[in-house]
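Report on the following structure.
The values are calculated or read from the model by the stated rules, or taken from the named source; none is laboratory data. In this text the structure is predicted, and so the values were computed from the model without any measurement. Note: ideal-geometry Cβ built from the backbone for every residue, glycine included; neighbour counts use all protein chains shown. Ligands, DNA and RNA are excluded from the accessible area calculation, which covers all protein heavy atoms including side chains. Shrake-Rupley method; radii C 1.70, N 1.55, O 1.52, S 1.80 Å.
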Amino acid sequence: MKISKNWLTEYISPLKSNKALESDLTKLGLEVDTIVKNKNDYIIDIEFTPNRGDCLSVYGTARDLAAYNKKDIKKPINSPFTYVKENKKINNIASSISPEYRYMELKNIDVKAKTPKFIVERLDKSDVASINIVVDISNYVMLEIGQPTHAFDLDKIHGKLSIEKLQKKNNFIAIDNKEYIVEKGTEVIVDEKNVIHALPGVIGSNISKVGTETRNILFEGAFFLPDVVRALSRKYRIQTDSSYRFERGVDYNLADLALSRVHYLLSQVTDIAKCRIIKISQKHKLTKMKSFDFDAQLFKRILGIDIGIKKIKSILIDLGISFKAKKVIIPSYRFDITNNYDLVEEVSRIYGFENIPEVPLDAHYSKPCNKLNINEKLVTLGYKEVINFTFISRNYMNNTRHLKLENPISKEKAIMRESLIPGLLSNIAYNANRKHKSINIFERGKTYHRDKSKIIESNVISAVIYGNKASTDLVSNNYKYGIGDLKSDILSILPNVTFKATDKSTYFDNNNSLTLLLCNKIIGQCGLVSHHIIKDFDIRGSIFGFEMLEDDLNHESNVIFAEISQFPAVYKDITLMTNNDNNILKIIDEISKDSYKYMKNIRIKDIFINKDNLQSNNRSVTLEICLQSNSKTLSDKDINDDVNKIVEDLKNIHKIRLKEA
């Protein structure tokens, strides 16, 4: 859109130099393409983003500049007006096309009157041709305040006008002298003889356009819904200055000012009666005043700096936004502001992005991310996700109050599931019968159980492993999945989980089941699936699985972020001579809790059992110790001091004998 700098100066003055003005507009998000000299004026060509329909005018642009520079803005002069209740010219208006409609009747207008020179020049600078006094003023007001208006020749209209969907297919010759075939159901402005006088918000008819012979005029100012205008414009491939603005959203309260401004400009060149406007308003969600709770804390969290609530409110008030108690009220011309995040953006624009320093992001651990990552982790471990019906044939819990369906699909789908395990066992049975030798699958979904009079829905994640660890690997294809594999996978997805033996389980064998704890809170169970359940599915072999409540995974919130060392780590191995009575994992846990200066980690690297002497109950276990400093590269003395201390503790405290080199 091209705007005259002199015209802009009428509303906000004095304006800065061209370079400073271009900088201000760009900072506000109004991108300046060019500023070109035109005699004693400059033409500013601005590219507006689709969400800033409120700036598609001289006044709208001046309003943003005034807020940015803390200046007062002058308002256009308009005629005083009164509302007239008697509606003589409009029959019916569909609220789905125009919930706010205004018009005024002007009689005995001298259309041959000469358009004022300043209007012609400003239209020309905005690349709009001069037609006649009525059309010129209509276009001038549109460029000035952003509200398109349309003038109908009243004497060419048969009876009353209606803004509605066309009842019968008809032809339409527009003011561009092109003929359009308008299908039934298209939004139109028609008279009582079904003559089309306009495609609302897009283009008027050649029949009722204002010409040199026109004497009586119906001047329309309306709010046409953006979606309606956009659809019409695309369907008939018509792009006008009017449709361009309506598509982006015109202030639904602007029509009164536009018509009274038109009246004022016409009254300067011809004699006309007082300004009397007929107002037709209907309820619609887009014309409802927008308000929401103000979140003052959001600004610091998003911007990273504390601007101060006083400054924030001052900026928002300058932008026309008001406050009422805890509510923030958005002006009708700002369709793009719908929440507090939009307010943060508005404050940022005016405060200046260049004034917001770069600050490091706060360490933020988002609890839901843990849940979302479980899927990815299980897939990485080789699991495949399955989705089963929430209806099963039976539950295995000792509960007589099962949630039975009144109209089940079949007997096999008659009860709401209380666990995901039965569904996963069905998947294993199906695939095992088709010669799949290695199966590891998981499912995320809801389970249902009754608690007194309430029905509780729980978000659950379950997984099972069955058969050979690898179906094609020649080395390990005889290795069967075991509890160790399951525990390893659980620790891979939840490193901080701990295990505790339990003998109370519905789906897992009482002698081979473990309770899963996270931050000392029970989150589920794992273990060997009970044989009396497996036999119902006719499955041969052992199945291991786990089931945990997803909602309880949020308790893993005490995450400590440690600085990553830039110095090299050193790995040392020590081999222990142990027997079956020694719980190596427990010993490792106790060593990990002790304070060694440089030890970062200790783990089992290898276990060796002599097959020739199985009765000896002896085994050698190799531990790998990781040593690292955050401040220096470790010397031999640093390494040896820590390793020797660990060795002494193993000998003296844990009574473990080390294998001699």
Among (1) in contact with a Phe, Trp or Tyr (Cβ under 8 Å, 6 or more places away or on another chain); (2) among the β-branched types (Val, Ile, Thr); (3) within 20 Å of Asn216 (Cβ to Cβ), Ile137 falls short only on (1)
Being within 21 Å of Glu376 (Cβ to Cβ), touching an Asp or Glu at 6+ places or on another chain (Cβ under 9 Å) and surrounded by 18 or more Cβ atoms within 10 Å (Cβ to Cβ) is the filter here; which residues of segment 416-463 pass it?
Leu420, Leu424, Asn427, Asn440, Ile441, Phe442, Glu443, Arg444, Val460, Ile461, Ser462, Ala463
Residue tally, condition under 19 Å from Ser57 (Cα atoms), among the small types (Gly, Ala, Ser) and in a helix (DSSP H, G or I), over segment 219-270:
5
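Going by what's in this entry, would Phe172 be described as in a strand (DSSP E or B), of a type outside the set (Ser, Thr, Tyr), at pLDDT 95 or above and closer than 23 Å to Ala94 by Cβ? Write out each step before concluding.
Working: in a strand (DSSP E or B): yes; of a type outside the set (Ser, Thr, Tyr): yes; at pLDDT 95 or above: no; closer than 23 Å to Ala94 by Cβ: yes.
Considered against the rule, which asks whether it is in a strand (DSSP E or B), of a type outside the set (Ser, Thr, Tyr), at pLDDT 95 or above and closer than 23 Å to Ala94 by Cβ, Phe172 comes out as no.
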Looking across segment 316-331 at residues that are of a type outside the set (A, V, I, L, M, F, W, C) and part of a strand (DSSP E or B), the single one that is least open to solvent (accessible area, probe 1.4 Å) is Ser322
Inspect segment 176-195 for any residue being open to solvent by less than 10 Å² (accessible area, probe 1.4 Å), closer than 24 Å to Val111 by Cα and touching a residue at least 40 places away in the same chain (Cβ under 8 Å) and give the result as yes or no.
no
Reported set for segment 332-364 where residues are surrounded by fewer than 17 Cβ atoms within 10 Å (Cβ to Cβ), part of a loop (DSSP other than H, G, I, E, B) and either hydroxyl-bearing (Ser, Thr, Tyr) or free of Cβ contacts under 8 Å to residues at least 60 places away in the same chain (or both) is Thr338, Asn339, Ile356, Pro357, Glu358, Val359, Pro360, Leu361, Asp362, His364
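Is it the case that some residue within segment 214-222 is without any contact (Cβ under 8 Å) to a residue 60 or more places away in the chain, open to solvent by less than 20 Å² (accessible area, probe 1.4 Å) and either in contact with a Phe, Trp or Tyr (Cβ under 8 Å, 6 or more places away or on another chain) or under 30 Å from Val190 (Cα atoms) (or both)? Before the answer, list the steps.
Initially, segment 214-222 is screened for residues without any contact (Cβ under 8 Å) to a residue 60 or more places away in the chain, giving none.
Within segment 214-222, none of the residues are without any contact (Cβ under 8 Å) to a residue 60 or more places away in the chain, open to solvent by less than 20 Å² (accessible area, probe 1.4 Å) and either in contact with a Phe, Trp or Tyr (Cβ under 8 Å, 6 or more places away or on another chain) or under 30 Å from Val190 (Cα atoms) (or both).
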Does segment 129-175 hold any residues that are of a type in the set (Gly, Ala, Ser) and in contact (Cβ under 8 Å) with a residue 40 or more places away in the chain, and which are they?
Ser138, Gly146, Ala151, Gly159, Ser162, Ala174
Matching residues in segment 246-275 (open to solvent by less than 20 Å² (accessible area, probe 1.4 Å), closer than 15 Å to Tyr103 by Cβ and within 36 Å of the chain's Cα centre (by Cα)) number 1
Search segment 411-427 for residues that are closer than 13 Å to Ile461 by Cβ and assigned to a loop (DSSP other than H, G, I, E, B) and pair each with any residue that is open to solvent by 20 Å² or more (accessible area, probe 1.4 Å) and among the acidic types (Asp, Glu) when their beta-carbon atoms are under 8 Å apart and the residues are at least 6 apart or on different chains.
Ser419/Glu547; Leu420/Glu547
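Between Val379, Val460, Val386, which is under 30 Å from the mean Cα position of the chain (by Cα), under 17 Å from Tyr507 (Cα atoms) and at pLDDT 90 or above? Let's see the steps before the verdict.
Details: Val379 fails: under 17 Å from Tyr507 (Cα atoms); Val386 fails: under 17 Å from Tyr507 (Cα atoms).
After applying the criteria, what remains is Val460.
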Those residues that are open to solvent by 50 Å² or more (accessible area, probe 1.4 Å) and of a type in the set (Asp, Glu), I need them from segment 35-67; list them, please.
Glu47
Only one of Ile302, Ile278, Ile309 is within 23 Å of Tyr103 (Cα to Cα), among the β-branched types (Val, Ile, Thr) and surrounded by fewer than 21 Cβ atoms within 10 Å (Cβ to Cβ), namely Ile278
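From Leu15, Leu106, Leu21, grab the single residue that is at pLDDT below 90 and either surrounded by 17 or more Cβ atoms within 10 Å (Cβ to Cβ) or among the hydrophobic types (A, V, I, L, M, F, W, C) (or both). Outline the logic, then answer.
Working: Leu106 fails: at pLDDT below 90; Leu21 fails: at pLDDT below 90.
Going through Leu15, Leu106, Leu21 in turn, the sole match is Leu15.
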